[in-house]
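See below for the structure under consideration.
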Amino acid sequence: GGWSEPPTRALAVPLLRQGDTPYGFLVAGLNRYRVLDEGYRGFLDLAAGHLAAGIASARSYRAQQRRAEELAELDRAKTTFFSNISHEFRTPLTLIMGPVEELRTRLTDADPRIREELEVIHRNGLRLGKLVNTLLDFSRIEAGRMQARYEPTDPAAFTAELAGVFRSAIERAGLAFHVDCAPVGEPVYLDRGMWEKVILNLLGNALKFTFEGAIGVTVRREGDRVVVAVADTGIGVPREEVPRLFERFHRIENARSRSNEGSGIGLALVQELVGLHGGTITAESTEGEGTRFTIHLPFGHAHLPAESVAPGSGGGAVPTAADPYVQEALRWLPGDTSPGTEQGAGVQPAGSSPLPYTSGPSTRARVLVADDNADMREYLTRILTGAGYDVVGVTDGREALDAVRREAFDREAYDLVVSDVMMPNIDGLRLVSELRSDPRTASVPVLLLSARAGQEASIEGLEAGADDYLVKPFAAAELLARVRATIELARLRSHQARWRAALVDSLQEAFFVCDERGAVVEINATFADILGYGPENLPYEPIHPWWPDAETDPEGHSRVQAAFEQLMENPKGSYTIPVRHRDGHWLWVTATFARARDPETGLDVTVGTFRDVTAEHYAIQRESALAALSTRLAGATTLHEALPAALAELKCLWAARRVVAAVFDDGEEPSLTDTDGGRWTELSADHRRTLTDLRGRAPLTPDTDRTGAGILLEHPEGPMALWIEVDERRPFTGEDQLLLSLLAGRLAQGLTRVHQIDQQRRTAIALQRAILGPSHLPDGFAVRYEPAGRPLEVGGDWYDTITLPDGRIGIVVGDCVGRGLEAATVMGQLRSACRALLLQDAGPAQTLMALDRFAAGIPGAACTTVFCGVLTPETGRLVYSSAGHPPGILVHADGTTHLLEGGRSAPLAVRTGRERSEAEYVVPARATLLLYTDGLVERRRRPLTTGIDQAGEAIQEGRDVAVDDLATRVMERLAPAGGYDDDVALLIYRHPAPLEVTFPAESSQLAPVRKALRSWLNQCDLPPGTMQNVLVAAGEACANAIEHGHRDAPGEIVRLRAEAFVDDLRVTIADTGHWKTPQPELNTHRGRGVTLMRALMQQVTITPGPSGTTVDMHLRIA
């Protein structure tokens, strides 16, 4: 170096290797003029590190180069192996397929099972041959030994011919098949065998992954190239998978397909074969929309090896490689009817007998077989059915999972699932995982079948949760032995669990269990069906995902929060809450819960059930809305009152901004009713157009947009368009539309009803007055009638009094079923018939028996109740019979009450022809009788006896009131707050009836009047002295009326009226003359009549007037 003296010391620094001994050492001579400090030492360590890194890189490169050479050698060995083994496969395949073909030809009339098994061998031999040929082609291409023969070919015609081979399979799958191969003007040099494999592979893939829509093949010329495209509308390919479509052995996991079979080298082979033609192939795909493969081939042959170019053969040949492709595709399709296809699950082919396997179940067992290979599925079904199992076959894991879950609710649940590992949609391993994660199916045993040999594959299946794992190929006896052992072990292991699960899942209501924190830890199938939340996401922590959102629905959230607190705090209870289904729609549920203790953990849990009451909730909402609208309409008597009231109700119901109704009558513009008070001309043009357009809609069919909803209905004056304008943030849901339809129908009916009532009012009132009862009542009677069917003021209740020829009085009170005009017409017929029968001197029981037969022939007369009686006024004797009518109420003078409950029988036309009984009662003096219909005393949620007691009390309190005033008092006292909701007929009689005597002002009339008064006083049951006082006082008053009042005009009319109350007797004598002023001083024996009257009676009032003189006398008789 630059120093004159060499170093005398050196430092050995190791060349470190990570995790191993050093590569070696760096020996560095030290500068004798520099101190070995930290800086110097660091420099030497850095240099040693660089040297070690360089050595590591060199050794790594050498190792990678050696590995690459080994891999290349391994690849060459693999190619040689595939080439050799493929050739080796061909010899036994030939020896299999040849004899099979001969047997198929010779045994055309053999047993169906033999023919079926030959078809299975033939189909699977073709499939195996196809796989061998594909592997051989790959090995030839990689080894550079692929021998091609390119000859000039019409690509359009040849491609169309190949596509036609697949037409039957594609159309059987329900897909459209479009082939558009236009002539390209000149031939393309093709190896016909290779081109067959290209087109058939692409068409097979298209059919395998397309479930609806179409598959298309097109050939076009673009410049110096021909373009061939195969397109489909299948499932498509995810964007990240498109670059790997042509990789060897690459398969897209969990892609939906008709079959999971395949080696994964079809598209890779297609790319290689297209490349051998000097062309290119590209793929375009959109997931969920489809895939398009496009091939570009050059014209001419300059790009091809000269030794492989051959002259044209002069004609097209029938495709030689199509049969295996088509046969395989047909087996993917459901309902394949080709020979040897799978029979229905568990059903033996016709003419065959079960296979002679003996390792069957000890008890009846159901087995589900899942395999996408139809032949394997049929083979398994045949073996298991022959051994005595009930077998159902499905084509993939998704169908298997659905079948197990569906049958898990029944007693016919599956005892075993036999599943292939490699299947589309859901493979066998994922099927096991799904079954184990669902409490409903966790205990179902699973036996996996796979062609993947080796301990690792078995361990993977068992770790996934399978009960057993069987590698193909297997013997039938081994399969049956494992199936039987698996079923028997599973039954022993899960008897109690299956029994509990069956009980829980058999519940028609949703079942749930909450832990001490309120988390839902167990549910049944009905829970998942109602809410959409299944067991796969258990536990569901509070706040549960089905709760209403606190921001968008604070009221619903608060309601559910309160229910949750009730569940956590109370040992038992129930509640009704709104919840949101997993798909977003709303439900209402009613839940019942109770606290329990888990016997395994000792922890408290809450066990509950709930049911979907959405329909009931909305039904109640609809009924409430209909009831509110009906109430509004019921309170209206005209159309002008009804329509605004109805619109106001609709506005309130939907919290609407505005509700308008336009009636399109014959006027120049519609008649508008608006909750905002607007007029037609004040509406916007859009609003007027919307209402006008509704005329073209079907009646009672809602039409909605973002601003609200409209509907067309019938108005008595023409079509009516109704529009409800709501807040844009409040959508008009399907339930709203249904409610609007119902309300519109009810509104149309209500408006029609109001209109009819307006027209029928006068007719109805006249009818009721004509048929209700007599215009003049006998003395002592008072009546009232109150119809519920206002404003028509007609109904089915009636009263009647009939004066019989012998002086007795017939009394009838009846109540027809129903109300309004219909009931009134029935009532009129029954009343007339009853009156006619009583006038024929029929007794009450005979009258009701005849009326019974008469009512049986009148529609609507059945179940009419009637009280029929005959009263003898002189004695108070009442003979009566009751056809299911409420009992009469008799209040005595002393206030005691008696119910006329005798003579009872069934209502009219219920038991026609049966004898009816009678009862008799003597009405005592000064007693009051009340007859009535049930509308007076019957109220909802109240015993009928309560109303009868109230009516008796009202009569008691009115004993000292005239009967006509008493009738008014009773009606007022018993009337409900909102008025009577049923027809009411009421009849009151007080015994004896007031005495009314009219006689001419002649002295000869005094004796008859005195006799009549004496007889009446006897009926009043008065003491003899009191009777005598009344007779004397009344005689003096009558004598004065004759002598003084009519001294100048004898023979004029004098009227006497006597009426007895509980403790008061009133006698009134009225004349039309003028009394002479008394002058006792002129004659000491005369002029003392008034004094005598005042002495005998407690109160005497004489009222003279221009029309005559009235003497009113009162006497207390209590």
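The values are calculated or read from the model by the stated rules, or taken from the named source; none is laboratory data. The model shown is predicted, which means the values in this text are computed figures rather than measured ones. All Cβ positions, even for glycine, are placed from backbone atoms using ideal geometry, and neighbour counts span all protein chains on display.
Here are the numbers:
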| item | result |
| --- | --- |
| For G556: the one exception among (1) closer than 15 Å to W588 by Cβ; (2) under 23 Å from the mean Cα position of the chain (by Cα); (3) modelled with pLDDT of 90 or more | (3) |
| Residue check, P731 modelled with pLDDT under 70 and in the same structural domain as A636 (by TED's automatic domain parsing) | yes |
| Test: T704 is β-branched (V, I, T), part of a helix (DSSP H, G or I) and under 33 Å from the mean Cα position of the chain (by Cα) | no |
| Residue check for D390: more than 30 Å from V165 (Cβ to Cβ) and at pLDDT 80 or above | yes |
| Every pair of residues 6+ apart whose Cβ atoms lie under 9 Å, when the first sits in segment 383-400 and is without any contact (Cβ under 8 Å) to a residue 12 or more places away in the chain while the second is surrounded by 24 or more Cβ atoms within 10 Å (Cβ to Cβ) and in a helix (DSSP H, G or I) | none |
| Breaking point among (1) out of contact with any strand residue (DSSP E or B) (no Cβ under 7 Å at 6 or more places or on another chain); (2) without any contact (Cβ under 8 Å) to a residue 40 or more places away in the chain; (3) surrounded by 15 or more Cβ atoms within 10 Å (Cβ to Cβ), for P644 | (1) |
| Out of A985, A1012, A977, A1033, sole residue that is in contact with a strand residue (DSSP E or B) (Cβ under 8 Å, 6 or more places away or on another chain), in the same structural domain as P886 (by TED's automatic domain parsing) and small (G, A, S) | A985 |
| In segment 566-616, the residues that are of a type in the set (A, V, I, L, M, F, W, C), closer than 16 Å to W546 by Cα and assigned to a strand (DSSP E or B) | I577, V579, W586, L587, W588, V589, A591, F610 |
| Within segment 251-281, tally of residues that are surrounded by 15 or more Cβ atoms within 10 Å (Cβ to Cβ) and in a strand (DSSP E or B) | 1 |
| Filter result for the condition that a residue is within 56 Å of the chain's Cα centre (by Cα) and among the hydroxyl-bearing types (S, T, Y), over Y932, Y921 | Y932 |
| Pair list, Cβ < 9 Å and 6+ apart or interchain, from segment 189-211 residues that are closer than 14 Å to P324 by Cβ and modelled with pLDDT of 90 or more to residues that are part of a loop (DSSP other than H, G, I, E, B) and among the acidic types (D, E) | none |
| Pairs with Cβ under 9 Å, 6+ apart, first in segment 24-46 and of a type in the set (K, R), second surrounded by 11 or more Cβ atoms within 10 Å (Cβ to Cβ) | R32/P7; R34/Y40; R41/L11; R41/V13 |
| Strands (runs of 3 or more DSSP E) (entirely within segment 745-822) containing at least 1 residues that are in the same structural domain as D965 (by TED's automatic domain parsing), modelled with pLDDT under 90 and within 30 Å of L712 (Cβ to Cβ) | none |
| Members of segment 1-12 that are out of contact with any Gly (no Cβ under 9 Å at 6 or more places or on another chain) and either surrounded by 10 or more Cβ atoms within 10 Å (Cβ to Cβ) or at pLDDT 85 or above (or both) | A12 |
| Condition check for V984: touching a residue at least 12 places away in the same chain (Cβ under 8 Å) and either touching a Gly at 6+ places or on another chain (Cβ under 6 Å) or more than 23 Å from T872 (Cβ to Cβ) (or both) | yes |
| Residue in segment 229-250 that is of a type in the set (S, T, N, Q), modelled with pLDDT of 90 or more and part of a strand (DSSP E or B) present | no |
| Failed criterion for I711 (all others in (1) crowded, with 20+ Cβ neighbours inside 10 Å; (2) over 30 Å from L974 (Cβ atoms); (3) modelled with pLDDT under 90 hold) | (3) |
| Within segment 510-533, tally of residues that are of a type in the set (S, T, N, Q) and touching a residue at least 40 places away in the same chain (Cβ under 8 Å) | 1 |
| Exclusive hit being within 48 Å of the chain's Cα centre (by Cα) and surrounded by 20 or more Cβ atoms within 10 Å (Cβ to Cβ), set V242, V237 | V237 |
| Of the criteria (1) more than 26 Å from R500 (Cα to Cα); (2) modelled with pLDDT of 80 or more, which one G454 fails | (2) |
| Members of segment 657-683 that are modelled with pLDDT under 85 and aliphatic (A, V, I, L, M) | none |
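Per-residue answers, yes or no, for (1) within 30 Å of P994 (Cβ to Cβ); (2) surrounded by fewer than 24 Cβ atoms within 10 Å (Cβ to Cβ); (3) modelled with pLDDT of 95 or more:
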{"position": "A842", "(1), (2), (3)": "yes, yes, no"}
{"position": "A850", "(1), (2), (3)": "no, yes, no"}
{"position": "P859", "(1), (2), (3)": "no, yes, no"}
{"position": "C868", "(1), (2), (3)": "yes, no, yes"}
{"position": "D894", "(1), (2), (3)": "yes, yes, no"}
{"position": "A925", "(1), (2), (3)": "yes, yes, no"}
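Residue-by-condition table, conditions (1) assigned by TED's automatic domain parsing to the domain that holds M194; (2) assigned to a helix (DSSP H, G or I); (3) exposed (fewer than 11 other Cβ atoms within 10 Å of the Cβ); (4) at pLDDT below 75:
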residue	(1), (2), (3), (4)
Y61	no, yes, yes, no
A72	no, yes, yes, no
F82	no, yes, no, yes
T91	no, yes, yes, yes
A110	no, no, no, no
L118	no, yes, no, no
G129	no, yes, no, yes
